[in-house]
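First the structure, in the form of structure tokens, and then the observations on it.
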Amino acid sequence: MSLGWSRRAPVDTLVGTEAAIDFTIPLKDLPRVSRELTASDGEAKGHVRFSRQSGQAVADLDVRAQPEVVCQRCMQAMHWPVHLKSRVALVSDYNAADRVPDGLEVFLVEADSVSVRDLVDEEILLALPNVARHAEGSECADSQVQLPGHEADTQDAADSQVQKPFAQLGELLKRK
Ligand SMILES: [Zn+2]
């Protein structure tokens with residue numbers, strides 16, 4: 001059985017045959033991801049294998065992509081490297097989702113069928129940053145360019161709260 005990445009197939013069939021699929025999907029063909037990107041070129045490459053683990057239908061997904069997003073500091077396009085390996089539980093309703101073991105991601109299957117495109121679209125979407133930025137130490141981080149109308153200071157303060165989990169830990173330790 002030959003299965004392309006765009007074709008939907010019953011989950012029971014995919015799992016029952018332990019279907020393994022290599023894929024190369026143009027990012028422009030990922031409906032939700034493509035809406036988040038500034039450029040439509042590039043592709044997602046990877047491999048998926050369906051199986052049943054402890055009674056649960058799962059997809060082991062390995063995917064790499066370099067979607068283009070806009071750095072929110074310098075407003076230039078940048079490639080955001082995505083390489084994820086995840087085990088995704090394929091569930092048909094929210095009750096089943098509650099029973100999924102920890103450590104698995106959950107994908108809600110519509111009408112008992114799924115395509116590799118659906119899975120990859122969702123997983124890359126989750127991997128995209130809320131606020132994309134070039135790495136610290138890069139040119140745009142060093143230069144103090146103040147864009148007109150851009151409140152860099154307030155934005156940085158808000159972000160640093162989100163990006164310093166250990167600051168909170170420090171607060172917790174102080175309370176002891
Ligand atoms: Zn930048």
### Task
Give the number of residues within segment 40-81 that are of a type in the set (A, V, I, L, M, F, W, C), open to solvent by less than 60 Å² (accessible area, probe 1.4 Å) and within 16 Å of the ligand (Cβ to nearest atom).
6
### Query
With (1) modelled with pLDDT under 95; (2) buried (at least 16 other Cβ atoms within 10 Å of the Cβ) as the list, and ALA141 as the residue in question, which single condition is left unmet?
(2)
### Message
Report every pair of residues separated by at least 6 positions or lying on different chains whose Cβ atoms are under 8 Å apart, first residue within segment 16-39 and open to solvent by 60 Å² or more (accessible area, probe 1.4 Å), second among the aliphatic types (A, V, I, L, M) and part of a helix (DSSP H, G or I).
### Response
ARG32/LEU125; GLU36/LEU125
### Subset of segment 94-138 [without any contact (Cβ under 8 Å) to a residue 12 or more places away in the chain and within 16 Å of the ligand (Cβ to nearest atom)]
ASN130, ALA135, GLU136, GLY137, SER138
## Note on the structure
Condition set at pLDDT below 95 and part of a loop (DSSP other than H, G, I, E, B), scope segment 9-39, selection nearest to the chain's Cα centre (by Cα): answer is LEU37
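Residue-by-condition table, conditions (1) part of a strand (DSSP E or B); (2) farther than 19 Å from GLY4 by Cβ:
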| position | (1), (2) |
| --- | --- |
| ASP41 | no, yes |
| LYS45 | yes, no |
| MET78 | yes, yes |
| SER86 | yes, yes |
| VAL100 | no, yes |
| LEU119 | no, no |
| GLU122 | no, no |
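The values are calculated or read from the model by the stated rules, or taken from the named source; none is laboratory data. The shown structure was predicted, so the numbers you read here are calculated from the model rather than taken from an experiment. No Cβ is skipped: glycine too gets one built from the backbone with ideal geometry, and neighbour counts run over all protein chains shown. For accessibility, only protein heavy atoms count, side chains too; no ligands or nucleic acids. Shrake-Rupley method; radii C 1.70, N 1.55, O 1.52, S 1.80 Å.
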